[in-house]
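To start, the structure under review is shown below, and the notes come after it.
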Amino acid sequence: MEIVTRALPPDHEIILFGDTHEGSILKHKKGVRELVNYIKEKKNCFAVHMGDLVESIAIDDLRYDRLTTDPGSPVSLNQYMKAAEELAPIKDKLLVIMQGNHDWKTISKHGDFVKDLVCRDLGVPYGTYECWLEVQKTKHKLTARGKDAYKIFLAHGAGTLSSNAKDPIQRRGNQEAALKQRLYPEAGDCVIMAMGHTHKLMVVRPTQELYMHTAGGKVKQSYRTTAKSTTEIDKDHRWYLNTGSFLRKYGPRGVSGYAERFMLRPAELGYVKVMVEDYEVQDCVEVRV
């Protein structure tokens with residue numbers, strides 16, 4: 001667990017992306033390059049890598065396949081070096097880089113390449129497996145509420161968000177409910193709660209519940225929406241995000257990756273864009289690549 005603080009301008013974007021899996025021929029390299037260029041060129045645009053920078057699958061792992069290993073980065077060290085090179089153009093805009101399950105399995109054999117190679121060389125905070133990102137106001141925007149603007153809970157994630165419902169709308173609803181159920185107990189003070197790992201791309205919006213109240217001698221109705229507190233936020237007033245991936249299910253003909261062998265459903269490739277105005281989260285958008 002880690003706590004990372006960063007002062008950002010009042011209006012900004014934060015791109016949450018990850019599961020880039022350098023070292024696999026199934027990686028959507030063009031999509032990553034285009035995203036890096038977007039972050040680099042866009043004013044007041046920042047980013048978080050959600051983990052699984054690399055594939056790094058050992059030969060004794062059931063998922064290992066020589067045919068899906070990128071010959072340009074066949075071993076873990078090569079993969080992390082290429083991942084660092086890929087992110088170098090946006091190193092000043094990266095708020096934190098997380099550890100993923102592929103990264104974690106590498107530690108026991110080779111060491112923590114995310115912390116001691118990628119984050120060190122790029123000068124980017126290391127988020128470990130779970131992290132609080134505390135966005136703070138710049139000095140000229142400080143108010144009586146203090147410097148904290150809002151907080152994001154980040155986790156690489158674990159497990160699956162599966163559903164056997166036959167109807168696709170119900171299946172999606174079940175997966176979104178599972179995402180919320182997985183994340184909400186992890187923190188009580190974060191307006192955004194996000195995880196990667198599942199390779200699913202989902203945004204669960206805050207619940208807008210209608211309630212009645214009185215004001216000025218009249219009965220009125222209003223909506224409960226996202227709270228502005230930085231100490232305790234109702235679980236129904238938060239955003240829940242699953243941040244997608246850049247790993248294709250299918251690659252060149254004649255090659256089968258582990259997603260194909262395990263008969264996993266096709267996954268949407270992409271990331272989530274968090275849009276903030278005057279330190280208030282306005283929207284979270286799924287971006288498909």
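Data overview
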| quantity | calculated |
| --- | --- |
| Helix 29-41 vs. the chain, principal-axis angle (Cα, 0 to 90°, nearest 10) | 40 degrees |
| On Cα atoms only, tilt of 101-110 relative to the major axis of the chain in degrees | 50 degrees |
| Cα shape, region 1-70, gyration tensor, a/c 1.5 rule | oblate |
| For region 238-252, Karplus couplings with θ = phi - 60° (6.51, -1.76, 1.60), whole Hz, Gly/Pro x | 10, 9, 10, 10, 10, 9, x, 7, 10, 10, 6, 7, 10, x, x |
| Cα principal axis extents for region 1-157, largest first, Å | 58, 31, 24 |
| Prolate/oblate/rounded call for region 110-180, Cα gyration tensor, a/c under 1.5 rounded | oblate |
| Cα gyration tensor, region 111-245 - rounded (a/c under 1.5), prolate or oblate | oblate |
| Greater than 18 Å apart at Cα, pairs in LYS40/LYS91; LYS93/LYS273; LYS30/LYS105 | LYS30/LYS105 |
| By average C-beta atoms within 10 angstrom, highest first, the peptides 197-204, 210-217 | 197-204, 210-217 |
| Entries of LYS27/LYS147; LYS82/LYS235; LYS109/LYS249 with Cα pairs more than 30 Å apart | LYS27/LYS147; LYS82/LYS235 |
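Computed from the coordinates by the stated procedures, all read-outs in this text should not be read as laboratory data. A quick note: this is a predicted structure, and the numbers were derived from the prediction, not measured. We place every Cβ from the backbone using ideal geometry, glycine too, and count neighbours over all the protein chains shown.
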